[in-house]
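Accompanying notes for the structure given below.
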Amino acid sequence: MALTIYIVDDEPMAVQYLKMLLEGTSQRPEVIGTAPNGVKAIEEIVRLQPDFVFADISMPVMDGLKMSEEVLKQNPAQKIFILTAYRDFDYAKKSVNIGVTDYLLKNELSETVLDNLICKHMAEIELEKRRQHTLMETNMRNFLLSDVNTDADFEFYQDKPLQRYVLFFILPRPEIILEHREDRYRERLDCYQIENSVAVQGIVCRAFAQMFADEYCGIFFAQENAGNVEVKCRKAAEDIMQKFGLEQSGYCCLISSPVSRFAGLPQTYRRFRKISGFLYSGTKAICLEREIISKEDIGERVSHDLWMNEWKSVLEKENAKETDAFLDTYFEKMHAELDVWEYTERIREICSYIRRMLQNKKINAEILRMNPSYKNVESLEKDIRDSLKRYFEELYERREKLYSRYIILAQEYIHNNFKNAISILDVAEAAGISEGHLRRCFKKELDTSVLNYLTDYRLKQAKILLKKDGESIDSVWKKTGFMSAQYFSSVFRKKEGMTPSDYMKSTDMEKAGQQNE
């Protein structure tokens, strides 16, 4: 932000001459106002709070010394330079007593003198501005964290006609952390520099503050008649992200819709914080509030347990295409309903189950290749798909070595049709051989009969369903191809040593014990 100057002098030529000299200095300050006398200047100086005030000592209505005295009563930190055409020790002494910054002779003014003067006091001004900004950060943080429905006690809260307020919420895009590790250090952003870097006509950054760790907020003022406010805000966000390298550092920026009540900003902040956990998937680096998809239903834990169990069931069928298609659908469901922490837990569960499958099948565990963390879901989900692709390739290659083509075809048919009333003849036709040949292949290669293999597979799927919430014994036997409840119970007791009802009770007790832990 440019250095600001206010000039008080009743001679227009003197004002123009001073402006010309200031333009030739290295700082190239901006003259934000002028006044012909002290009375008119006081109100504007207090309101505008320029960095420097240059005031003529001799003016009608109110002279420079009296004006300086009144201004300094209201703002003791204001830098004021008195200008005079005379060397008068009494004037100089009085200026010092009032608290004026310096006393200058008009006939000695030059670009060099002004440049040296400005540079001399710049460090003090910068220090004072940063001190004020620190206080403003505290006030802003307290305001946004407040739970108020009415205007808060904040320095610039008062609503004005046609003025609109916009909240910028800048934070790192959530990472998916699969393996716990120490948090990486992020350098703190300079909120003061960001606040003063915005140079988009029609909007003003009035405060920029760090909220928590790597979360930052900016409050912007915009005039309703200043054109498209959203376009201007997006431009300001682009400038901030580019100038401070935020996008490359993994940050994203949410921009609220303009509001007419300043007191509504805390509610906007809370809303942004609530949805921040969903920014791991499909969110652009800069996003307007109206572009963010609402996440209304994020609490259906049971449905996701069902989806997870269904995915495990699909994976156990050992059908690569069906597994991949189901996973695509499930990923989309997770993106829509789960925040980053819930999503991470589901991904960990998926990886854990894949590891268990690799172990059970005695397949090299290195087939599952995952990074400790991911900055985007696309890379993570690609690694899961690639790992499963390698798993199925290894599985099929191994099966082709162990079993004949007839057994592989028969197994695939059973895995895909076990829910239906299939016969041994149906399986034989799917494998392309006679029923007798199929029986001999199963006995030779698997050391079991076709019927026992089918029954064991149905029982395996039934046990998965019995573990699910909301399933009944009646629905399970119908979904797994058994002919009746009595037959299902008889076979289950014979194989498992307990009834389906007892099995359900044991799994419920196991779940309750895990929750208590």
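Report, to the nearest 10°, how far helix 450-466 tilts away from the longest principal axis of the Cα atoms in the chain, using its own Cα long axis and a range of 0 to 90°.
Helix 450-466 and the main axis of the chain meet at about 30 degrees.
Toward the positive end of the charge dipole of the chain, about the Cα centre and with charges on Cβ (Lys, Arg +1; Asp, Glu -1), which of L117, P258, T455 goes farthest?
The listed residue farthest towards the positive side: T455.
Place +1 on the Cβ of every Lys and Arg and -1 on the Cβ of every Asp and Glu in the chain, take the dipole about the Cα centre, and give the residue among Q242, I194, L72 whose Cα lies farthest towards its positive end.
Q242
So what's the angle, to the nearest 10 degrees on a 0 to 90 scale, between helix 111-145 and the longest Cα principal axis of the chain?
Helix 111-145 sits at roughly 40 degrees to that axis.
Taking N as the number of residues in the stretch 362-517, what is its Cα Rg relative to 2.2 N^0.38 Å?
Output field value: 1.29.
What pairs from K389/K468; K284/K321; K274/K389; K94/K120; K129/K243 go past 29 Å between their alpha carbons?
K284/K321; K274/K389
Kindly report the accessible area of the stretch 372-517 per residue (heavy atoms of protein chains, probe 1.4 Å, no ligands, DNA or RNA), in Å².
With the other protein chains kept in place, the stretch 372-517 gives 57 Å² per residue.
What is the dipole size for the stretch 194-265, taken about its Cα centre, with +1 at each Lys and Arg Cβ and -1 at each Asp and Glu Cβ, in debye to the nearest 20?
The dipole of the stretch 194-265 has a size of about 220 debye.
Bins of 5 Å, beginning at zero and ending with the bin holding the largest distance: percent of Cα pairs per bin for the stretch 8-121, please.
Each 5 Å bin holds this share of Cα pairs: 2, 12, 24, 26, 23, 11, 1.
Which three extents, in angstrom, do the Cα atoms of the stretch 295-447 have along their principal axes, listed largest first?
Between the extreme Cα coordinates on each principal axis of the stretch 295-447 lie 57, 34, 20 Å.
Treating only the Cβ atoms of Lys and Arg (+1) and Asp and Glu (-1) as charged, compute the dipole magnitude of the chain about its Cα centre; round to the nearest 20 debye.
Using Cβ point charges on Lys, Arg, Asp and Glu, the chain gives about 2520 debye.
From the Cα gyration tensor of the stretch 340-420, with a ≥ b ≥ c the square roots of its eigenvalues, which class applies: rounded if a/c is under 1.5, or else prolate if a/b is larger than b/c, or else oblate?
On the way: a/c = 2.71, a/b = 1.91, b/c = 1.42.
Since a/c reaches 1.5 and a/b is larger than b/c, the shape of the stretch 340-420 is classed as prolate.
Can you tell me the orientation of helix 89-98 relative to the chain, as the angle in degrees between its alpha-carbon axis and the longest Cα principal axis, to the nearest 10?
With rounding to tens, the tilt is 30 degrees.
So, by mean Cβ neighbours within 10 angstrom, what's the order for 405-414, 358-367 with the highest one leading?
Result, highest mean Cβ count within 10 Å first: 405-414, 358-367.
For the stretch 390-496, with only Lys/Arg (+1) and Asp/Glu (-1) charged at the beta-carbon, what is the dipole magnitude about the Cα centre, in debye rounded to 20?
For the stretch 390-496, the charge dipole is close to 320 debye.
Pop out the Kirkwood hydrodynamic radius of the stretch 407-488 from its pairwise C-alpha distances, inverse of mean 1/r, in Å to one decimal.
For the stretch 407-488, the Kirkwood estimate is 13.3 Å.
Checking the a/c ratio against 1.5 first, then a/b against b/c, what shape does the Cα gyration tensor give for the stretch 167-289?
Prolate, since a/c reaches 1.5 and a/b exceeds b/c.
Would you kindly find the accessible area of L145, with a 1.4 Å probe and non-protein molecules such as ligands, DNA and RNA excluded, rounding to the nearest 10 Å²?
About 80 Å², rounded to the nearest 10.
Can you give the extra length, in nm with one decimal, that the chain gains between V259 and E126 once fully stretched, where that is 0.36 nm per residue apart less the Cα-Cα distance?
Stretched fully, the V259-E126 segment lengthens by 44.7 nm.
Among DSSP beta bridges whose residues both lie in the chain, state the antiparallel percentage, nearest 5.
Taking every DSSP beta bridge with both residues in the chain, the antiparallel ones total about 55 percent.
Which semi-axis lengths, in whole Å and largest first, follow from the square roots of five times the eigenvalues of the Cα gyration tensor of the chain?
The three semi-axes for the chain are 78, 22, 17 Å.
Pick out, from V61, I5, A285, the residue whose Cα sits farthest towards the positive end of the charge dipole of the chain, with +1 on the Cβ of Lys and Arg and -1 on the Cβ of Asp and Glu.
The residue sitting most towards the positive pole is A285.
The values are calculated or read from the model by the stated rules, or taken from the named source; none is laboratory data. Given the structure is predicted, the values throughout are model-derived calculations rather than measurements. Note that each Cβ is placed from the backbone with ideal geometry, even for glycine, and that neighbours are counted across all protein chains shown. SASA here: full protein model, heavy atoms, side chains in, ligands and nucleic acids out. Shrake-Rupley method; radii C 1.70, N 1.55, O 1.52, S 1.80 Å.
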